[in-house]
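Engineer: What follows is a structure written as structure tokens; I'll ask about it next.
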Amino acid sequence: MTRSGWLGALLFFLVATPAVAAEPVRVLAAFTLKPALDEIAEGYRKGGGEVVLVYGPSPGLAQQLENGASGDIFFSADPMWTDELVQHQLIKRGAVTDLVSNHLVLIAKKGTPPAALNGGIALIQLLGPGPLAMCDPDSHPAGRMAKASLTAIGLWNSVEKKIARVENPLLAVKMVARGDAPYAVVFTTDAMTDPGVDIIATFPDDSHPPIRYPVAILANSANPDAARFFDYLLGPAAIETFKRLGYVTRK
């Protein structure tokens, strides 16, 4: 084959061979972030990016990564598990960003008047026989924050036996909306998922540890688009979505 023939064949091969599709960014995220991340990911896809969202409890996702699961970004609802991945060198030290925060609130069925949290006796009388729905303080950050706040305002010992412990805060919201529990302690973002409940009080931010949602690119990620989606999470469109759904943002 002549030189011009080789060049023609090579040109045909380059034109005819389809480009290899970029690998989608794989994000492992806490289930509670699903409403916001689903919407943010849709906006990212409209800009030509590809992303796969894998949801679950933060401890379970961290355990999967420690056991060798693949991923590009970890978005946790609890800094405890991000810190653990840093210790296992699965996240580079100093690479974690606390993207959003939240408020801890007391909710009741829609139409319930506001309540005061500065008077413990009043809240005890309000609760009556209960139950007070909230996450388990031993296994969920929302429960840990709730216990800290109730302890700080002098109520934990009085309400502990009236607590209905649930797996996640969305279940606590559903219990109140259905009438299975008169009150629940959840995050603002959880309360906003159900129109059948009202926020009747907000716990002081200094009554519990800071509520943080850290996000980081995983150390073993080889996907060049991971940084692109990470930057998109920090960008104005994503931040606006977080704000609208009740998160506290820095911007």
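Engineer: Measure nothing fancy, just the Cα-based angle from helix 34-46's long axis to the longest principal axis of the chain, in degrees from 0 to 90, nearest 10.
Structural biologist: Once rounded, one gets 20 degrees.
Engineer: Quickly work out the ILE153-to-PHE31 label distance, labels modelled 7 Å from Cα along the C-beta direction, and quote it in nm with one decimal.
Structural biologist: Once both label points are built, they end up 2.8 nm from each other.
Engineer: Short version: ³J(HN,Hα) in whole Hz for each residue of segment 92-98, in order, from phi by Karplus 6.51 cos²θ - 1.76 cosθ + 1.60 (θ = phi - 60°), x for Gly and Pro, what are they?
Structural biologist: 5, 4, x, 9, 8, 10, 7
Engineer: Using a simple spin-label model with points 7 Å from Cα along the Cα→Cβ vector, what separation in nm is obtained for ALA164 and ASP138?
Structural biologist: 2.1 nm
Engineer: Another question about this same structure. Near THR193, within a Cβ-to-Cβ distance under 11 Å, what is the net charge of the other residues, with Lys and Arg +1 and Asp and Glu -1?
Structural biologist: 0
Engineer: Given the whole protein assembly as supplied and a 1.4 Å probe, what does the accessible area of ASP98 come to in Å², nearest 10?
Structural biologist: Here the accessible area works out near 40 Å².
Engineer: Let me ask something else. Below 12 angstrom from the Cβ of PRO209, what's the summed charge of the other residues (Lys, Arg +1; Asp, Glu -1)?
Structural biologist: That works out to 0.
Engineer: Can you compute log10 of I(q)/I(0) for the chain with the Debye formula, treating each Cα as one identical point scatterer, at q = 0.13 Å⁻¹?
Structural biologist: The Cα Debye sum returns log10 ratios of -0.84.
Engineer: Still on this model: Among the lysines, which fall within straight-line cross-link reach of LYS243, defined as a Cα-Cα distance under 20 Å, with same-chain neighbours fewer than 8 residues apart omitted?
Structural biologist: LYS34, LYS251
Engineer: Net charge near PRO131, counting Lys/Arg +1 and Asp/Glu -1 over other residues with Cβ under 12 Å of its Cβ?
Structural biologist: Numbers: positive: LYS161, LYS162, ARG165; negative: GLU160, ASP180.
Net of charged neighbours comes to +1.
Engineer: Here's a follow-up. To the nearest 10 degrees, how steep is helix 141-152 against the longest Cα principal axis of the chain, on a 0 to 90 scale?
Structural biologist: 30 degrees
Engineer: I've got another one for you. Got a number for carbon plus sulfur as a percent of the chain's accessible area, 1.4 Å probe?
Structural biologist: 58 percent
Engineer: Here's another thing I want to ask about it. Output ³J(HN,Hα) for segment 209-218: one whole-Hz value per residue in order, computed from phi by the Karplus curve 6.51 cos²θ - 1.76 cosθ + 1.60 with θ = phi - 60°, and x for Gly and Pro.
Structural biologist: Residue by residue, segment 209-218 yields x, x, 8, 10, 10, x, 9, 7, 7, 6 Hz.
Engineer: Here is a follow-up. How much accessible area per residue does segment 92-157 have, in Å², with a 1.4 Å probe?
Structural biologist: I get 48 Å² per residue for segment 92-157.
The values are calculated or read from the model by the stated rules, or taken from the named source; none is laboratory data. On a predicted model such as this, the values are computed, not experimentally measured, just so you know. No Cβ is skipped: glycine too gets one built from the backbone with ideal geometry, and neighbour counts run over all protein chains shown. SASA here: full protein model, heavy atoms, side chains in, ligands and nucleic acids out. Shrake-Rupley method; radii C 1.70, N 1.55, O 1.52, S 1.80 Å.
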